[in-house]
Amino acid sequence: NRIGDRNAIGHNLAVTYEYLGQLAKAQAIREELYDRAIKAHDSNQQAYAMMELAIIKAKQGATDEAERDIIRKVVPLFRRTRNDPGRIAAYNTLATVYFLQKKYPEAQWFLLQAKTIADREGIVDQLPEIIFGLAEVKKQSGNSSVAIEEYKVADGLARKDNLLGMQLAIQDALGDLYHEAGNYQEAAIALRKYDALKNMLFLGTPSAAVEN
């Protein structure tokens, strides 16, 4: 329908502005999408729209407001509608807000809450992002050996779902960690995979190059 198409276009435009760092424009679109969800009396869409708006606020420094919006409004809306994938996404987003503030124990706690729900309810599509987030927290906390193992798990999930962008980020992180540990052979392998993935993303080369 036309409303759904307009919302999809708005979402894609907001994602583009966010990627380009034009956060004020992204926020304006997210606020418009949230207003539409309120007028449509759609609780799930309200929750998703507010969640996306919260991360934009956090990236602009309004982390306290972002936390309050997610904890006091988004999560209760998803609980009310019994939307477990929504709750997982909310905890993931909240972890990102804490990660932006370098509050790594809090970020890890909410990622583990998300994983608990995903494991209990058999919701596998968000697991790559959760495990990747846990690996990022371990890396930033200085726990390199655990980070490497979690990146490997995330990589397996990302490969299964063909998440090339995540695979690229994982090999970049692994290359850094292996290099810091003095494991130059594994660092070189990660770099080779990184280059192959980058070529796949931007030049369309076949995926076999990453397997070796």
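Need at least 1 residues that are open to solvent by 60 Å² or more (accessible area, probe 1.4 Å) and more than 30 Å from residue 199 (Cα to Cα) per element, so show me which helices (runs of 4 or more DSSP H) inside segment 72-187 make the cut, counting only ones lying wholly within it. Passing ranges, in order: 75-80, 104-121. Taken across segment 11-34, residues that are hydrophobic (A, V, I, L, M, F, W, C) and closer than 19 Å to residue 91 by Cα do not occur at all. Of all residues in segment 9-27, those being open to solvent by 50 Å² or more (accessible area, probe 1.4 Å) and either β-branched (Val, Ile, Thr) or in a helix (DSSP H, G or I) (or both) number 10. For segment 28-71, which residues satisfy the criterion of being open to solvent by 30 Å² or more (accessible area, probe 1.4 Å), hydrophobic (A, V, I, L, M, F, W, C) and in a helix (DSSP H, G or I)? Scanning segment 28-71 gives 28, 38, 71.
The values are calculated or read from the model by the stated rules, or taken from the named source; none is laboratory data. Keep in mind that what you see is a predicted model, and the values were worked out from it rather than measured. Ligands, DNA and RNA are excluded from the accessible area calculation, which covers all protein heavy atoms including side chains. Shrake-Rupley method; radii C 1.70, N 1.55, O 1.52, S 1.80 Å.
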